[in-house]
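The values are calculated or read from the model by the stated rules, or taken from the named source; none is laboratory data. Since the model is a prediction, treat every value here as computed from it, not as a measurement. Reconstructed Cβ throughout: ideal geometry from the backbone, glycine too, with neighbour counts over all protein chains shown. Calculation scope for accessible area: heavy atoms of the full protein, side chains included, ligands and nucleic acids excluded. Shrake-Rupley method; radii C 1.70, N 1.55, O 1.52, S 1.80 Å.
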Amino acid sequence: QVQLAESGGGLVQAGGSLRLSCAASGLTFTKGWFRQVPGKEREFVAGISWNGARTDYADSVKGRFTISRDNAKNTVYLQMSSLKPEDTAVYYCAAGDKVFQTRQTGADDYAYWGQGTQVTVSS
């Protein structure tokens with residue numbers, strides 16, 4: 001059974017930075033980050049293919065967030081910079097169980113999910 005464990009969330013002032021990490025146990029391929037605020041659907045933030053060759057970002061985070069991975073550590077990262085209050089959410093790590101995926105931006109593209117970590121950006 002694959003398990004994902006996020007870390008690195010917290011409280012930061014607007015304009016600041018945070019780095020989220022997600023360590024996976026078991027074999028996973030595509031990895032991604034989603035976020036959710038109360039009363040809204042979970043939304044895609046960033047995704048990265050198994051070899052790191054392809055990355056996708058939501059328009060709202062392009063140029064501010066960077067997704068990366070270390071396959072030796074089975075870990076994916078989300079470096080968040082120039083944070084805004086509207087980035088406040090619970091951030092979830094996700095991982096896929098297929099080597100090749102034509103899409104990595106939808107929740108249905110992922111088989112495994114972490115428990116989430118809270119990110120709060122104060123104004």
Run through the DSSP bridge list for the chain and note the antiparallel percent, rounded to the nearest 5.
-> 90 percent
If each K or R counts +1 and each D or E counts -1, the residues other than N51 whose Cβ falls under 14 Å of its Cβ total +3
Once the in-chain neighbours fewer than 8 apart are removed, the lysines whose Cα is under 22 Å from K84 read K40, K62
Taking only the alpha carbons of the range 64-104, the radius of gyration and the largest Cα-Cα distance, Dmax, both in angstrom, are 12.8, 35
Integer Hz, Karplus 6.51/-1.76/1.60 couplings in order for the range 15-21, x for Gly and Pro | x, x, 10, 8, 10, 8, 10
May I ask you to give the percent of accessible area on the range 19-123 that is carbon plus sulfur, with a probe radius of 1.4 Å?
-> 48 percent
Ratio to report: Rg/Rh of the range 1-60, with Cα atoms as the point set and Rh obtained by the Kirkwood method; give two decimals.
-> 0.99
How many Å² of accessible area per residue for the chain, probe 1.4 Å?
-> 52 Å²
How large is the charge dipole for the chain, taken about the Cα centre, if only the Cβ atoms of Lys, Arg (+1) and Asp, Glu (-1) carry charge, to the nearest 20 debye?
-> 220 debye
Calculated SAXS-style log₁₀ I(q)/I(0) at q = 0.15, 0.21, 0.22 Å⁻¹ - the chain, Debye, Cα scatterers | -0.59, -1.18, -1.29
